[in-house]
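K.L.:
The structure's right below; bear with me while I get my questions together.
The values are calculated or read from the model by the stated rules, or taken from the named source; none is laboratory data. Note that the structure is a prediction, hence the values are computed from the model and not measured. Here Cβ is always computed from backbone atoms with ideal geometry, including for glycine, and neighbour counts include all displayed protein chains. Keep in mind that these areas ignore ligands, DNA and RNA; they rest on the heavy atoms of the full protein, side chains included. Shrake-Rupley method; radii C 1.70, N 1.55, O 1.52, S 1.80 Å.
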Amino acid sequence: PLLQPTYPYARTYGYARVSRDDQNLEMQFSALRQAGVADEYLFSEKISAVNAHRPLWHLLPKMLEPDDKLVFYAYNRLCRNLIELLSFVDEMKLMGVTLISTTQPHILPYTTDGRMILSMTGTWDEHERNKLCDRTRDGMQARKALGMNFGRERIVTPAVAKKMQSMRDAGVKVTEIADRFEIKPSTVYANTKR
């Protein structure tokens, strides 16, 4: 059973997180509001859980007091590293803060069985993150082996643009210029005139 607030000023905080700027938080916001989190106590970040610099995540423990609740969508929204997750749960238990996952309400992290389930879930989440990193690395190596470029297109400085223009004026093909500067032909066209 969930702990009942006894502290006279107990509050319900919410924490939502996605890994990238292009991801949407609305699904998590909706779940947290339905769980009783008021907008003024709703915190969110668009940053990977493995990033050590998560300002709001590090601020939350300083704001929480005994009998407060911390509501979140899933445990992997808090941490994707098992050791860090268990350490955070221990810290919250000592503070007297109730942890509530809107999608994993069966995990009661302060009980023996709940901690075991949390450990298994956390291990799986960490495994999934590591597999994703492996697939990304393997994909980049495969692209590199095929001679394909990846990442952001290189920015052309004025000096490089001037050199490319000189080469075009001399009749060098755009594809050759692109190869020379390791950029796409479209970048050559965008930075030179016929």
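K.L.:
Taking the residues in segment 126-149 that are among the aliphatic types (A, V, I, L, M) and in a helix (DSSP H, G or I) as candidates, determine which candidate is nearest to residue 80 (Cα to Cα).
P.N.:
132
K.L.:
Only residues that are in contact with a strand residue (DSSP E or B) (Cβ under 8 Å, 6 or more places away or on another chain) and open to solvent by 30 Å² or more (accessible area, probe 1.4 Å): list them for segment 75-89, please. Give the derivation first.
P.N.:
Restricting attention to segment 75-89, the residues satisfying the condition of being in contact with a strand residue (DSSP E or B) (Cβ under 8 Å, 6 or more places away or on another chain) are 75, 77-78, 89.
Correct list: 77 only.
K.L.:
Turning to a different aspect of this structure: Residues 111, 157, 123, 187: which one is more than 23 Å from the chain's Cα centre (by Cα), within 27 Å of residue 82 (Cα to Cα) and either modelled with pLDDT of 85 or more or surrounded by fewer than 11 Cβ atoms within 10 Å (Cβ to Cβ) (or both)? Give the steps one after another, and end with the answer.
P.N.:
Numbers: 157 fails: within 27 Å of residue 82 (Cα to Cα); 123 fails: more than 23 Å from the chain's Cα centre (by Cα); 187 fails: within 27 Å of residue 82 (Cα to Cα).
Exactly one of 111, 157, 123, 187 is more than 23 Å from the chain's Cα centre (by Cα), within 27 Å of residue 82 (Cα to Cα) and either modelled with pLDDT of 85 or more or surrounded by fewer than 11 Cβ atoms within 10 Å (Cβ to Cβ) (or both), namely 111.
K.L.:
Oh, and also: Under 9 Å by Cβ, and 6 or more places apart or on different chains, what pairs join a residue from segment 40-55 that is more than 14 Å from residue 30 (Cα to Cα) and in contact (Cβ under 8 Å) with a residue 24 or more places away in the chain with one that is buried (at least 18 other Cβ atoms within 10 Å of the Cβ) and of a type in the set (A, V, I, L, M)?
P.N.:
If the second residue must be buried (at least 18 other Cβ atoms within 10 Å of the Cβ) and of a type in the set (A, V, I, L, M), the pairs left are 45/16; 45/18; 46/18; 47/18; 49/78.
K.L.:
Let me ask something additional. Taking the residues in segment 23-40 that are open to solvent by 60 Å² or more (accessible area, probe 1.4 Å) and in a helix (DSSP H, G or I) as candidates, determine which candidate is nearest to residue 127 (Cα to Cα).
P.N.:
27
K.L.:
Taking the stated definitions as given, is residue 72 open to solvent by less than 40 Å² (accessible area, probe 1.4 Å), of a type in the set (Phe, Trp, Tyr) and farther than 22 Å from residue 110 by Cα? Before you say what the answer is, go through the steps one by one.
P.N.:
On the way: open to solvent by less than 40 Å² (accessible area, probe 1.4 Å): yes; of a type in the set (Phe, Trp, Tyr): yes; farther than 22 Å from residue 110 by Cα: no.
Taking the combined requirement at face value, the residue does not satisfy it.
K.L.:
Kindly list, by first and then second residue, each pair from a residue in segment 116-143 that is free of Cβ contacts under 8 Å to residues at least 24 places away in the same chain to a residue that is in a helix (DSSP H, G or I), limited to pairs with Cβ atoms under 7 Å and residues at least 6 apart or on different chains.
P.N.:
So the pair list comes out empty.
K.L.:
Residues being of a type in the set (Val, Ile, Thr) and free of Cβ contacts under 8 Å to residues at least 24 places away in the same chain: count how many of those fall in segment 106-115. Steps first, answer last, please.
P.N.:
Step one: of segment 106-115, the residues of a type in the set (Val, Ile, Thr) are 107, 111-112.
If we keep only those that are free of Cβ contacts under 8 Å to residues at least 24 places away in the same chain too, we end up with 111-112.
So the answer is 2.
K.L.:
Need the failing condition index for residue 94 against (1) under 26 Å from the mean Cα position of the chain (by Cα); (2) under 20 Å from residue 79 (Cβ atoms), just the number.
P.N.:
(1)
K.L.:
State whether the residues of segment 90-112 include one that is hydrophobic (A, V, I, L, M, F, W, C) and touching a His at 6+ places or on another chain (Cβ under 8 Å).
P.N.:
Pass one, segment 90-112, residues hydrophobic (A, V, I, L, M, F, W, C): 92, 94-95, 97, 99-100, 107-108.
Restricting the remaining residues to those that are touching a His at 6+ places or on another chain (Cβ under 8 Å) gives none.
No, segment 90-112 contains no residue that is hydrophobic (A, V, I, L, M, F, W, C) and touching a His at 6+ places or on another chain (Cβ under 8 Å).
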